[in-house]
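> Mind having a look at this structure? Questions to follow.
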Amino acid sequence: MYDWSLRKLVRFILLILIFITSLFATKNQEINKTINNSAVAFIYHRFGESQYPSTNITLKQFKTQLDYLEEHNYNVWSLSRIVHAIKQQKPIPPKTVSLTIDDAYFSVYTNAYPMLKAKGYPFTVFVNTDPIDKGLKTHVTWDQIREMQKDKGEFFNHSLSHDYLLKKQKETQKEAVKRITNEIVQAQKRLDKELGENRIKLLAYPFGEYDLETKKIVENLGMIGVTQTSGPLGAYSDLQALTRFPISESFASMKSFVTKLNTIQFPLHSVSLNTPELSEKNPPLLEIKLQKPISRISCFLSSGKRIDLKWIDEKSFKISAPKPLHGERERYTCTAPAKNGKWYWYSHLFIIATR
């Protein structure tokens, strides 16, 4: 009788240990899933064009960044490859980064392309097609694009004329939908004709601006939308609002670059606002619900000024700027330390003034 009871007790203890081990394994898998399925995309515009400091990166800065990626064994992927992995829910290896370029200025071909080619790195360029069709010397040509395409360059839609792809103040909703759709569709036709069709169609919003109607248009056209809002990519990404970290002379220090390389996504459950449009309530209130608790979260405005954070429960919090937002654009950005030197990062764009 005693032996039988002892065997039952041992079995019970073993079952408890197995359950606890499984529980911790599941939590660790969830943490690793978040870390290992995050990637980072950077956005550049001009290279070695010092007369445009707000959109330019010096060649020395760019070389230093590329050398860092090589020396630290980063996986440099095209943006379309990362998007494909996200859509198919396939794993993204740690230390994966994408180098993207908007506008297809001539310095992409003369300055950036040789450096990328020397490293054997893929790169993604978003093209507004009108300047190229008009033969503007500020931009690359179709032949130069085809040359870069042979050396791991991929080229996607940045609209026809680089117009704002959201409703303007003097437009009706119907007029806006017609204009925005034409900007996207006509540019895509030119890209397909000159370069052949891509299996994935990406659109980078000019100026990074969009609204709910624009997202709906992009989704109905079977396209992926790409913004200029800071943040890593991964399983929690909105496929009509993919995030990228802008890089320019003023924001190209290696400390900043390395910090952004080490960002991962917040495990988002939901966000109360799914558009950057500023409602009548200013400052806007943003509520964020997480899939798991995260400690030591701090939130900031673009200026770096801290925003008060109020917890709703252990997985939900709300933030609001202390004063009404001004200017054309503003961001709420939240960060928190994660494991292995990583940082959780989430940014939400607000468009304050429309055209």
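Here, each number is a calculation from the coordinates, and none is a lab measurement. Source: prediction; values computed, not measured. Every residue, glycine among them, receives a Cβ derived from its backbone with ideal geometry; neighbour counts consider all protein chains shown.
> Provide the convex hull volume over Cα atoms per residue for segment 48-151, in Å³.
In segment 48-151, the Cα convex hull volume per residue is 117 Å³.
> To continue, here is another question. Would you pull out the residues with amide H under 5 Å of VAL76's amide H, same chain only if 5 or more places away, H placed 1.01 Å from N?
Hits under the 5 Å cutoff: VAL97.
> Short version: what are the Cα gyration tensor semi-axes of segment 268-312, square root of 5 times each eigenvalue, largest first, in whole Å?
Calculated on Cα positions only, the semi-axes equal 19, 16, 9 Å.
> So what J values fall out for segment 153-170 if you push phi through Karplus, 6.51 cos²θ - 1.76 cosθ + 1.60 with θ = phi - 60°, rounded to Hz, Gly and Pro as x?
Ordered by residue, 3J(HN,Hα) equals x, 10, 10, 9, 6, 10, 5, 6, 10, 6, 7, 5, 9, 8, 4, 8, 4, 8 Hz.
> With a Förster radius of 35 Å, plug the Cβ-Cβ distance of ASN220 and ASP133 into 1/(1 + (r/R0)^6) and report the FRET value to the nearest 0.05.
Working from the Cβ atoms, E equals 0.85.
> Still on this model: Do the sum for the chain: with -39,500 (n - 2.57) for every DSSP H run of n ≥ 4, divided by all residues, what is the mean residue ellipticity at 222 nm, to the nearest 500 deg cm²/dmol?
-10500 deg cm²/dmol
> In bins 5 Å wide, starting from 0, what share of all Cα pairs of segment 271-351 does each bin hold, as a percent?
Calculated P(r), rounded to whole percents: 3, 14, 29, 25, 17, 9, 3, 1, 0.
> Tell me the label-point distance for the pair THR259, ASN75, using the 7 Å Cα-to-Cβ offset, in nm and rounded to one decimal.
2.6
> Please work out the Cα convex hull volume for segment 139-296 and give it in Å³ per residue.
Values: hull volume 27.5 nm³, N = 158.
That works out to 174 Å³ per residue.
> Restricted to Cα positions, what overall size does the chain have along the principal axes? Three whole-Å values, descending.
Over the chain, Cα extents along the principal axes are 93, 50, 37 Å.
> Taking neighbour counts of Cβ atoms within 10 Å as a proxy for exposure, in what order, fewest first, do THR96, THR172 appear?
In order of increasing Cβ crowding within 10 Å: THR172, THR96.
> Could you tell me which helices of the chain pass both thresholds, a Cα extent of 20 Å or more along their own axis and a mean Kyte-Doolittle hydropathy of at least 1.6, with helices taken as whole DSSP H runs? Write down the numbers at each step before the final one.
Details: long enough: 2-36 (50 Å, 0.47); 173-195 (33 Å, -1.07).
Passing helices, by number: none.
> Enumerate the whole-percent occupancy of each 5 Å bin, from 0 to the last occupied one, for all C-alpha pair distances of segment 167-244.
Reading upward from the zero bin: 3, 14, 25, 23, 18, 11, 5, 1.
> Rank these for me by crowding, SER295, SER270, going from fewest to most other beta carbons within 10 Å.
SER295, SER270
> Next question. Which order results if ARG146, ARG199, ARG81 are arranged by neighbouring Cβ count within 10 Å, fewest first?
Lowest to highest Cβ neighbour count: ARG199, ARG146, ARG81.
> List the pairs from LYS167/LYS305; LYS137/LYS167; LYS60/LYS215; LYS134/LYS201; LYS305/LYS339; LYS255/LYS281 whose alpha-carbon separation is above 32 Å, in the order I gave them.
Beyond 32 Å between Cα atoms: LYS60/LYS215; LYS255/LYS281.
> Quick check of the Kirkwood formula: for segment 65-106, what is the inverse mean of 1/r over all pairs of different Cα atoms, in Å?
Details: mean 1/r = 0.0859 Å⁻¹.
About 11.6 Å, per the Kirkwood formula over Cα pairs.
> Another question, then. How far apart, in nm, are two points set 7 Å out from the Cα along the Cα-to-Cβ line at LYS318 and at GLU280?
It is 1.8 nm.
> So, one more: Quick check of the Kirkwood formula: for segment 80-133, what is the inverse mean of 1/r over all pairs of different Cα atoms, in Å? Let's see the in-between values first.
Values: mean 1/r = 0.0768 Å⁻¹.
Hydrodynamic radius (Kirkwood, Cα pairs) of segment 80-133 is 13.0 Å.
> While we're here: Would you kindly calculate the translational diffusion coefficient of segment 87-229, applying Stokes-Einstein with the Kirkwood radius from alpha carbon pairs, for 20 °C and a viscosity of 1.002 mPa s, and quote it in µm² s⁻¹ without decimals?
Result for D is 134 µm²/s.
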